[in-house]
Amino acid sequence: MENRLIRVICAAWLALALGARVVAAAEPQLPTVEVWKTPTCGCCTVWVRHLEEAGLKVKVTEMDDLTPIRRQFRVPPELSSCHTARVGGYVVEGHVPAEDVLRLLTTRPQITGIYVPGMPIGSPGMEGPDAEAFQVLALDAAGRKSVFATHTP
């Protein structure tokens, strides 16, 4: 009887282990985040590291002038920041938290992208004292803005 109990426990453990592997194998691969930044921007480098630490793959292209990229992806000047990214068909402008990028990729809303205008203190890559609340804005194809997320210190 004891031997049978051990076999049942081992079989259950094996089933759980195999089941966990099947679930892990079924998880979708996230697309690579393509980032354009200037070579001297330290906060952009910290933001890239923030994305990588959240499990996102990142490809960085350094350029002296990001104007052509922002024009190509139709980033409105009032929503611009110090770096521009593209992932899964969306624009990600500025110091957007990784959690919002992941939410964007999992919910796939009908928008063109998400934006953190300027460089708010306390946003990823802009950590420091006196952190301020900031919003991540969404922009749809018609140019309408809405709040995608609000972050408070």
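Only the coordinates and a few stated rules stand behind these numbers; no lab work does. Because the structure is a prediction, the values reported are computed rather than measured. No Cβ is skipped: glycine too gets one built from the backbone with ideal geometry, and neighbour counts run over all protein chains shown.
Label points 7 Å out from Cα along the Cβ direction at ASP140 and THR67: separation in nm?
If labels sit at ASP140 and THR67, their model points lie 3.2 nm apart.
Modelling each spin label as a point 7 Å along the Cα-to-Cβ direction, I'd like the GLU78/ALA54 distance in nm, to one decimal.
2.5
Extension gain ALA131-VAL147, at 0.36 nm per residue separation less the Cα-Cα distance, in nm?
Extra length from ALA131 to VAL147 when fully extended: 3.8 nm.
Which order do peptides 57-63, 99-105 fall in by mean Cβ count within 10 Å, highest first?
The packing order, highest mean first, is 99-105, 57-63.
Relative to 2.2 N^0.38 Å, what does the C-alpha radius of gyration of region 78-153 come to as a ratio? Two decimals please.
Taking the Cα Rg and dividing by 2.2 N^0.38 Å, one obtains 1.03.
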